[in-house]
Amino acid sequence: MENFIFQNPTKLIFGKGMIANLAKEIPQDKRVLVTFGGGSVKTNGVYEQVKTALQGFEVVEFWGIESNPSVETLQKAIALGKENKVDFLLAVGGGSVIDGTKLIAAGILYDGDAWDLVLKGQAIDTLPLAAVLTLPATGSEMNAGAVISRKETVEKFAFFSKNPVFSILDPSTTFTLPKYQVACGIADTYIHVMEQYMTTPNQSKLMDRWAEGILQTLVEIAPSITKDTENYALMSEFMLSATMGLNGFIAMGVRQDWATHMIGHELTALHGITHGGTLVIVMPGLLRTLKTKKTAKLLQYGERVWGITAGSDEERADQAIEKTESFFRSLGLATRLGEVGVGDETIVEIERRFNKRKVGFGEDGDITGTVSRQILENCK
Ligand code: NZQ
Ligand code: ZN
């Protein structure tokens, strides 16, 4: 294991009816900016529960944080927060609302353009924020990351800020999710785990088992959950899996990849494809490209997650990649670039952007623009 420092300060509050706890968790003297997406919270009772819980608080509402939140929208929320002198933020929604609110929390304390903070990659001074999660996927409810887009330049970058002080996860709030969002959420969670697991073998037995445990849980529940999105027990498993997939618990002392995400962000920026939908295309292509290097881990993964034990090393590695892609297809998602209308110009543009930024992704920092191009060629 490599050296590490681990601290996750987010208090998790889980279960039916727990939104009422907001009143206990937010200090009474706070002026709260509550942020929302496009309105799904009005169809599932979440808005009413939040409003009831916050009776007696000074509250300002900001609506309209879109999927893949844009700095252009968030600048409006920052102005509203400054104008009202808010000193606490509550994000109510999916990963986009929580991510966007992380930038708002930093932007209110910053005099310049909030995009500077994104480009810097880190925001240190922030107002406290908390979350009510309605879409299991990103892990944003229990991590410090956020991914922000800029419409003007068609860019999408990650930056790091602070964790929510607490997050409320009530699985029944997810019952109104469209099936496509459930599929993308399962895929996103699965690939978060893979980004931290499908790297160098023999780093930590414990991290491997935890990661495999999340992957196996997702494989087990996916067939039922994609049909029956109102099953509380299954949604609970899914919601907790998504949080555990990206809150640092499976990343202790191990190296991480994240190339699939970085390439996926470009596909979203350039084509507007949903985050999880980009990942299920890129990851099988990445595994096909880096199969030789990743063989040892692919064999372990194939055996422990998919029960693949027969055949030569190469055949078993191939089967593990095929199983992964067919799992994504079983969720109803497209796994090839041609199916989502992405052609060669985009591949060339992503290579150009990465070369210009001199990137080196992956656990060894060797996924350059040129390697990314090969990966995308293998996603056709
Ligand atoms: O905007 P509303 O009306 O709320 O509708 C949303 C949105 O249209 C809807 N939705 C959310 N909860 C619902 C619901 N509809 C019905 N019932 C509910 N209970 O779902 C749509 C998608 O929401 P969004 O928040 O965009 O999805 P997700 O949670 O997948 O977030 C995606 C964003 O997170 C970033 C992605 O890049 C993307 O920008 N990520 C953030 C990460 C992090 N902070 O650590 C890591 C991830 O890898 C990811 O990159
Ligand atoms: Zn993701």
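The values are calculated or read from the model by the stated rules, or taken from the named source; none is laboratory data. Being a predicted model, the structure only gives us computed values, none of them experimental. Don't worry about glycine lacking a Cβ; one is built from the backbone with ideal geometry, like all the others, and counts go over all protein chains shown. Keep in mind that these areas ignore ligands, DNA and RNA; they rest on the heavy atoms of the full protein, side chains included. Shrake-Rupley method; radii C 1.70, N 1.55, O 1.52, S 1.80 Å.
Points to keep in mind about this one:
- Restricting attention to segment 235-251 and to residues that are part of a loop (DSSP other than H, G, I, E, B) and within 14 Å of the chain's Cα centre (by Cα), the residue that is nearest to ligand 2 (Cβ to nearest atom) turns out to be L246.
- Residue in segment 99-108 that is open to solvent by 10 Å² or more (accessible area, probe 1.4 Å) and more than 16 Å from ligand 2 (Cβ to nearest atom) present: yes
- Selection of segment 131-177 for residues being in a strand (DSSP E or B) and near ligand 1 (Cβ under 6 Å from one of its atoms) yields G145, A146, V147.
- Screening V254 on (1) in a helix (DSSP H, G or I); (2) open to solvent by less than 30 Å² (accessible area, probe 1.4 Å); (3) under 29 Å from K11 (Cα atoms) shows it passes everything except condition (1).
- The C-beta contact set for segment 141-156 (first residue free of Cβ contacts under 8 Å to residues at least 40 places away in the same chain, second residue open to solvent by less than 30 Å² (accessible area, probe 1.4 Å), distance under 9 angstrom, 6+ apart or interchain) comprises T153/A269.
- Those residues of segment 51-95 which are surrounded by 16 or more Cβ atoms within 10 Å (Cβ to Cβ), of a type in the set (G, A, S), in a helix (DSSP H, G or I) and under 27 Å from the mean Cα position of the chain (by Cα), in sequence order: A77, G81, G95
- A residue that is open to solvent by 10 Å² or more (accessible area, probe 1.4 Å), among the aliphatic types (A, V, I, L, M) and away from ligand 2 (no atom under 16 Å from the Cβ) cannot be found anywhere in segment 133-149.
- Of all residues in segment 82-99, those that are more than 7 Å from ligand 1 (Cβ to nearest atom) have Cβ atoms under 7 Å from Cβ atoms of residues that are in a helix (DSSP H, G or I) and among the hydroxyl-bearing types (S, T, Y), 6 or more apart or on another chain, in L89/T101; A91/T101.
- Residues that are in contact (Cβ under 8 Å) with a residue 12 or more places away in the chain and surrounded by fewer than 23 Cβ atoms within 10 Å (Cβ to Cβ), drawn from segment 178-192: K179, Y180, Q181
- Residue among D344, D366 that is charged (D, E, K, R), open to solvent by 50 Å² or more (accessible area, probe 1.4 Å) and over 25 Å from the mean Cα position of the chain (by Cα): D344
- Of all residues in segment 178-219 being part of a helix (DSSP H, G or I) and of a type in the set (S, T, N, Q), the one that is nearest to ligand 1 (Cβ to nearest atom): Q181
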